[in-house]
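Presented below is the structure to which this report refers.
Bear in mind that the values in this text are calculations on the coordinates, not laboratory data. Remember, it's a predicted structure, so these values are computed and weren't measured experimentally. Cβ placement follows ideal geometry from the backbone for every residue including glycine, while neighbour counts extend to all protein chains displayed.
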Amino acid sequence: MGATTDQVVRVRARITVSGVVQGVGFRPFVYALARELGLSGQVTNTPAGVIAEVEGSAGSVATFARRIASDAPPLAVVETVDEVRVASCGGTEFHILDSAGGAGRTLVSPDVATCNDCLAEFDDPADRRYRHPFITCTNCGPRFTIITGLPYDRPATTMAGFPLCADCAREYADPGDRRFHAQPIACPACGPRLSLTTSATDPQYGEEALAGARRLLGSGAILAVKGLGGFHLVCDATDEAAVTTLRKRKDRGDKPFAVMAADLATARRIAEIDETEAALLTGHRRPIVLLRRLSAAGVAKAVAPGNPDLGVMLPYTPLHRLLFEDASVLVMTSGNVSGEPIVSSDEEALIRLAPLADAWLGHDRPIHVPCDDSVARIVAGDELPIRRSRGYAPFPVALPSPVRAALAVGGDLKNTFCLGEGRYAWLSAHVGDMDDLATLTAFEKAERHLENLTGVGPEILVTDKHPAYRSRQWAELHADGRPVLGVQHHHAHLASVMAEHGYDGDEKVIGFAFDGTGYGDDGAVWGGEVLLADYDGFERYAHLGYVSLPGGDAGVRNPCRMALSHLTAAGLPWDPRLPAVQACSEEELALLRTQLERNLACAPTSSMGRLFDAVSSLAGVCHRAGYEAQAAIELEGLAAGHALDQPYEFTLSDPAPLLTAVVRDVLDGVDPGVVGARFHGGIVAAMVRTADLVRSRRGLTTVALSGGVFVNRLLLAASTRALSSAGFTVLRHRLVPPTDAGLALGQLAVAGRVHHGRS
């Protein structure tokens, strides 16, 4: 006898959802979806992800399994949906259960900007969270920086010390509310509170603290302001004296400051912004975006002296919005002494930032893990990460093939590390330069925390091959009997861009690895490399001809010295009319000549970064670098206004013809921007010729671009376009930085492949 409508066959399924599914409103979404489809059952958080058991008609259960991925909340990222049938239990209700412990793995959401729903309440005088500096819900606010353990519930966050008031507790327990199980929620009655500390007065709190902070900013003071992942040093970006004071106090040299604009309209008044850049600025990640500054930009010259770009971000916390009631653009730079990690605790800020700040605007919600602002730019319509931190970390990168549980410790500059197992690689937030004890301490704390969140217990450690890198020394010291594998620096760069693209092709890539410094297998300083590479190894097919790097770091800090070294290597005279020669005193010239002739304290280098330095100085653009890549950045800025259609002719292995042409143009009075454009065009042309030669000889058709030189928007866009037009598939960075901040992913991909015995 057939079933009637009263006798529909019921089925029950257990559905496990993995990905970023905790702290993003996933359980209330599941609850609402099950109720809509008339399903009974339950849902809970576990370390393996969200597990829902649903019971009802077969059609409704199938619809539920499909929509749980397609209709997920905006901040959720569903990686897998696994369904198994289980015995029916009956019942008519659907319940949200408390989180369950146990083994497994889930993905933690990064911190994200305040959502529009919260901002509407924030601006509503009738709302109980009107002007609340810590307003948040399941769709926004802090996540990664406040999580102390998993599953992600309030007791496992730094909000554990703030008991919910009756109103917040009701919202927290209501599956139909936007704040259901939103762990950071609070209100003025039960949440954190602002405090303003100065040396002259007793602390102020709440609105009084906020008003005091705005008055100080208006009077030219420098404030230490506590954000999501640490303190910022803040001053009025239109106040030349205030910005200059901050620059001196922070020992910043000419390195640019980032600024925060009140809104997108304000940002458009200080920088050129296309629609792709606008989308990045206003998205939930809110990185600092490098934009072309307008010539009449309403910011102090001291914000970014000599730099063609401005690093701009928009407010991403309620507190930021409150600061802009009396300001339009604020300098918003990391709260640290130059070279040290960002300060994240109130007590530490009062000590470490005392020489830098006039007052401290803090609050009593602890930051468990420091997390600096991310930095990105748009190149040819696509995002190029430069620092992958707040808003991005710790979201993982999917790997093209599984890896053994491993920790890759990255490099010593712009350090990030990477944990990986199976098909996932988790990159840390930005740690910093490893030449400071405070950075090493921050590295260790962040590494322990990421291990706890991911559940990865590294069986191997992976490092750069540089014998003096502190990151390598740390790995060897903490190996505890585990293997420590070294990966060549530029091989790791190329493996990084291959891995983020999921490249698992049978053929090697033609890899252009261009940067400033990397330890070579022959002990030289590499950096202008053409490697034919896969994950298992590489062939050094070509490289820039070696020149002497005089004095190591001294040569890097003085582009004029690299210019003279390149002239010497090319057999060209030090013509006293050249700007690079004029930039040196007679004593410096004599010492440098002796140094190069006798090869004293000189290391051979094939660095493309140092070639950029040399050409910048020869053209009269930058002779002394106050920050990393200053000479190249300023040369790029001047070249950007000119066509690249008259390139200098040279081969990568012999830059002498290029240098001869540069000297000729400079002595003929050619504009430095034109020299820069011809130089950029020459590099692009040399890359295409080299790739064509490899294709004709080896049949390879995929090109990979990595290394810090490819932060250069002009070079990256032009080389990508030219190589694509020549019929090559081009892999360029879109998920992780091309700089040393992306090294750890490549180290992991190489070491993991080796340990799986792939060939």
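Counting only the Cα atoms, the chain fills a convex hull of 181 Å³ per residue. With Cα atoms defining each centre, segment 245-306 and segment 583-630 are spaced 31 Å apart in the structure. In this Cβ point-charge picture (+1 for Lys and Arg, -1 for Asp and Glu), the chain has a dipole of about 560 debye about its Cα centre. The Cα-based radius of gyration of segment 540-593, divided by its Kirkwood radius, gives an Rg/Rh of 1.01. Listed as lacking a disulfide-compatible partner in the chain: Cys89, Cys118, Cys137, Cys168, Cys187, Cys235, Cys371, Cys418, Cys560, Cys584, Cys602, Cys622, by the criterion of no other cysteine Cβ under 4.7 Å. Here the Karplus relation 6.51 cos²θ - 1.76 cosθ + 1.60, evaluated at θ = phi - 60°, turns the backbone of segment 653-666 into coupling constants of 6, 9, x, 4, x, 5, 5, 4, 5, 4, 4, 4, 5, 5 Hz, with x for every Gly and Pro. Per residue, the convex hull spanned by the alpha carbons of segment 7-105 comes to 91 Å³. Calculated translational diffusion coefficient of segment 194-375 (10 °C, 1.306 mPa s; Stokes-Einstein with Kirkwood radius over alpha-carbon pairs) equals 98 µm²/s. When peptides 719-731, 252-264 are ranked by their average number of other Cβ atoms within 10 Å per residue, the highest-first order is 252-264, 719-731.
Write out the trypsin sites (Lys or Arg not before Pro) in segment 357-426 meeting two conditions: DSSP loop, and at most 16 other Cβ atoms within 10 Å of their Cβ.
Answer in residue order: no site qualifies.
In segment 7-105, the DSSP beta bridges split such that about 90 percent are antiparallel, to the nearest 5. Protection proxy ranking for 108-119, 52-63, using the average of other Cβ atoms within 10 Å per residue and placing the highest first: 108-119, 52-63. The distance separating the Cα centre of segment 319-351 from that of segment 358-408 comes to 18 Å. When the C-alpha to C-alpha distance is required to be over 32 Å, the pairs from Lys255/Lys508; Lys301/Lys465; Lys255/Lys445 that qualify are Lys255/Lys508; Lys301/Lys465. Quick check: Cα centre of segment 486-559 to Cα centre of segment 455-485, how many Å? Their Cα centres are 21 Å away from one another. Take 496-502, 123-129 and order them by the average number of nearby Cβ atoms within 10 Å per residue, most first; the result is 496-502, 123-129. Amide H contacts under 5 Å for Arg10: none, restricted to partners 5 or more places along the chain or on a different chain, H placed in the peptide plane at 1.01 Å from N. The alpha-carbon positions of segment 647-690 define a convex hull whose volume is 45 Å³ per residue. Computed over segment 336-375, the convex hull of the alpha-carbon atoms projects to a mean area of 3.4 nm². Per-residue ellipticity at 222 nm, computed for the chain from helices alone with -39500 (n - 2.57) per DSSP H run of at least four residues, works out to -10000 deg cm²/dmol. Annotation: average projected area of segment 457-500 is 3.5 square nanometres, based on the convex hull of Cα atoms across all directions.
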